[in-house]
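Reading through the structure tokens given below for one structure.
Just so you know, all these numbers are worked out from the coordinates, no wet-lab data involved. Everything numeric here is computed off the predicted structure, so don't read it as measured data. Here the Cβ is made from the backbone with ideal geometry for all residues, glycine too, and neighbour counts use every protein chain on show.
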Amino acid sequence: MTDHRRRLGGWGFEGESLLPSPELLAWLDTRIGPAAHPVPAAAAAPPELPAEDLGMLPAKVSTDPLDRLAHARGQGLVDVLRVRSGPVPALPDGVCRPTDTDEVEAVLRTCSSRNIRVIPWGGGTSVTGGVNVLAGDAPALSLDLERLSGCSQLDEHSGLATFGPGTTGPGVEAALAGHDLTLGHFPQSWELATVGGWAATRSSGQESLGYGRIEDMVAGLELVAPGGRLRVPTGPASAAGPDLGRFIMGSEGRFGVITEVTLRVRQRPDQTVVAGAMLPDLEHGLEAVRELVVNGAPLTMIRLSDAPETEVAMAVGLGRSRMAPLVERWLALHGITDDACLMLFGATGDQDGVDDCLRHARAIIRSRRGVSLGRRPGRQWLRDRFRHPYLRESLLDIGYATDTLETAAPWSSALALRDAMTEAIANTLTGENERVAVLCHVSHPYRDGASLYFTFFFRCAASCEETISRWARIKRAATDQLVTAGATLSHHHGIGQWHAPWLKSEIGAEGMAVIEAAAARLDPAGIMNPHVLLNPEDRLEL
Ligand SMILES: Cc1cc2nc3c(=O)[nH]c(=O)nc-3n(C[C@H](O)[C@H](O)[C@H](O)COP(=O)(O)OP(=O)(O)OC[C@H]3O[C@@H](n4cnc5c(N)ncnc54)[C@H](O)[C@@H]3O)c2cc1C
């Protein structure tokens, strides 16, 4: 049975894991060489860093060392390496769990007057250094919003549900299930990430094609800042000046604390079905995805893997079945061989609606020389979609490091961007005779383009510092390449501390100045998560 305690220094819950298959290990061995430096599992004891005295705050504050350690870092690869290998360079001086909005306001006011940094904490699943505490900085308080959770209001007739910011994905769906409703927001971090975190980072769920991004789902919200409260009224649409709700979304705690979010919810579908197809190469695959979105059926998700990712998917999933040789022969008969690209496409609704939608989609896929693989690959994906993150920890156990990064591009440049990014990432460590294996898939498609999501693997070095240095070199090379290509720094992970040095090159000096001015108005003392978004220092290796 699973023990539902959060794991320290890794993804998810104690007792849960996903081991790499022998096929994946063989693939890694061939691509980047045998692993030589296993990373020890999480250090049980927190570092001996005494907590600065925060004085009396208007809410209870925990200074328990394990609690502080659990709130020191997010879920990026460096965070996990630091917590596992230790010592963690800095801990928050306290963890506060306010029980209502007035308490949040009072804490912010007090911290503002005493120059205590406040780092809002939702699920702590940031992969951009968004919740990380810095060594040598002013005292820091982690503001864990877990007690501000649950559905406080439901307007079923309008399809509007108001949630506390600390409500997790399962918490949202459980509150709606009894009313036959769903939000439909399923990021891969769904089990741990929260409503407030989603809004603060402009999250996107795996079924964004059907349900939209979080920005599309938010109908109203409240922000509590040291400088005052800001309420964006709930409504279907408004032309009352610039959209302040959208401006607050993506502020990553820099403007204040999102204390309430009203979300657009929908009728829970009878079923969610995902089917598979194989396309002859990425070019045909991209054309098929574009056509499905522009002229196609109302699918809720499409994911198209490039040839290397398809190879891995076949090795670890579909290809392990007894049917694999038959499938391979069948594909070869249709001219689909080495460059094959796996596509998953999903629909929700009642039986007839889903069948119609998938039939229509298959016709478009066939017109691009694609071959249907039936529903089996989709069933596997649906079953495992929230389990995949556990693989990172199992790979570290044996000495392989893996991480992801993502962007978005118009259709006209997607293929070139994928090639340039793959090359930039793959060649980063050649100077030290190390290889990096790169996989890519297209997800979150839009009428004008799509998100490109990269997964890379490299070998851990003998020391934690050197492994982090390898990662940082890959990350810098990849991010520089994004900027050179004019692609966005992030489609859904946000900016945090780690992407902040590059933000100006995406939004320009005026863009930066507008965000700075808003932060100065809402947070005059600069206590709110001050090292994300606007602070351009390179902190990849901290
Ligand atoms: C394995 C894994 C898979 C992931 N998959 C996805 C994915 O599919 N889609 C996706 O969008 N993201 C994904 N992410 C990234 C991450 O889950 C998202 O950024 C998520 O929205 C963060 O939510 P959180 O509640 O954990 O926020 P946290 O990590 O706690 O915080 C993130 C940032 O938001 C701020 N913040 C949090 N709550 C509030 C609040 N109430 N008010 C103001 N600021 C706040 C924090 O200070 C921080 O800057 C993934 C991460 C991991 C580790």
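Computed from the C-alpha gyration tensor, the three semi-axes of the ellipsoid equivalent to region 302-370 are 23, 14, 12 Å, from longest to shortest. Its residue count N sets the reference 2.2 N^0.38 Å, and the alpha-carbon radius of gyration of region 340-459 equals 1.28 times that reference. With bins 10 Å wide beginning at 0, the percent of Cα pairs of region 477-542 falling in each bin runs 20, 52, 24, 4. Quick one: go through region 426-440 and flag any residue whose amide nitrogen is under 19 Å from the point 7 Å out along the Cα-to-Cβ line of ASP29. Residues passing the 19 Å test: 435-437.
Projected over every direction and averaged, the convex hull enclosing the alpha-carbon atoms of the chain yields 24.3 nm². Dividing the summed helix terms, -39500 (n - 2.57) for each DSSP H run of n ≥ 4, by the number of residues in the chain produces a 222 nm estimate of -11000 deg cm²/dmol to the nearest 500.
Alpha-carbon geometry of region 126-262: the Rg and the Dmax are 15.0, 52 Å, given in that order.
Note on region 104-146: the C-alpha convex hull projects to 3.3 nm² when averaged across all orientations. Sparse packing (at most 16 other Cβ atoms within 10 Å of the Cβ) combined with a DSSP loop state is found for the following GluC sites (Glu not before Pro) in region 147-219: GLU156.
A viscosity of 1.002 mPa s and a temperature of 20 °C, combined with the Kirkwood radius over C-alpha pairs in the Stokes-Einstein formula, give region 407-477 a diffusion coefficient of 163 µm²/s. Among TRP121, TRP27, sorting on how many other beta-carbon atoms sit within 10 Å of each Cβ, with the fewest leading, yields TRP27, TRP121.
Tell me, what does the Kirkwood hydrodynamic radius of region 1-131 come to in angstroms if you use every pair of distinct C-alpha atoms? Radius from the Kirkwood sum: 17.1 Å. In plain terms, the chain from ALA135 to ALA45 could stretch by 30.6 nm, reckoned as 0.36 nm per residue minus the Cα-Cα distance. Shown here is the pair-distance distribution of region 111-188: with all Cα-Cα distances grouped in 10 Å bins from zero up to the longest one, the shares run 16, 37, 26, 16, 5, 0 percent. What fraction, in whole percent, of alpha-carbon pairs in region 204-342 exceed 24 Å separation? Tail fraction, whole percent: 53. Computed from phi, the 3J(HN,Hα) profile of region 29-38 under the Karplus parametrisation 6.51, -1.76, 1.60 (θ = phi - 60°) reads 4, 5, 6, 10, x, x, 6, 10, 10, x Hz, with x in place of Gly and Pro.
Taking 0.36 nm per residue of separation and subtracting the Cα-Cα distance, what length does fully extending ARG375 through ALA240 add?
44.0 nm is the gain from fully extending ARG375 to ALA240.
Working note: Cα atoms of region 41-98, range along each principal axis, descending, whole Å: 36, 21, 15. Under 12 Å from a label point set 7 Å out along the Cα-to-Cβ vector of THR99, the amide N atoms of region 53-87 belong to 59-60.
Taking a ≥ b ≥ c as the square roots of the Cα gyration tensor eigenvalues, with a/c under 1.5 meaning rounded and otherwise prolate when a/b beats b/c, else oblate, which class fits region 402-542? Oblate. The Cα-based radius of gyration and maximum Cα-Cα distance (Dmax) for region 152-209 are 11.0, 30 Å. Along its first, second and third principal axes, ordered by size, region 74-154 spans 42, 34, 16 Å in Cα coordinates.
Once the Kirkwood radius over Cα pairs is known for region 439-501, the Stokes-Einstein relation at 4 °C and 1.567 mPa s delivers a diffusion coefficient of 96 µm²/s. Placing unit charges on the Cβ atoms of the charged side chains and taking the dipole of the chain about its Cα centre, the candidate lying farthest along the positive direction among GLY122, SER305, GLY508 is SER305. Applying 1/(1 + (r/R0)^6) with R0 = 22 Å to the Cβ-Cβ distance of ARG447 and ASP339 gives a FRET efficiency near 0.25. In terms of overall dimensions, the C-alpha atoms belonging to region 1-67 reach 57, 29, 17 Å along their principal axes, ordered largest to smallest. When DSSP beta bridges are restricted to pairs lying wholly in region 67-190, around 35% turn out antiparallel.
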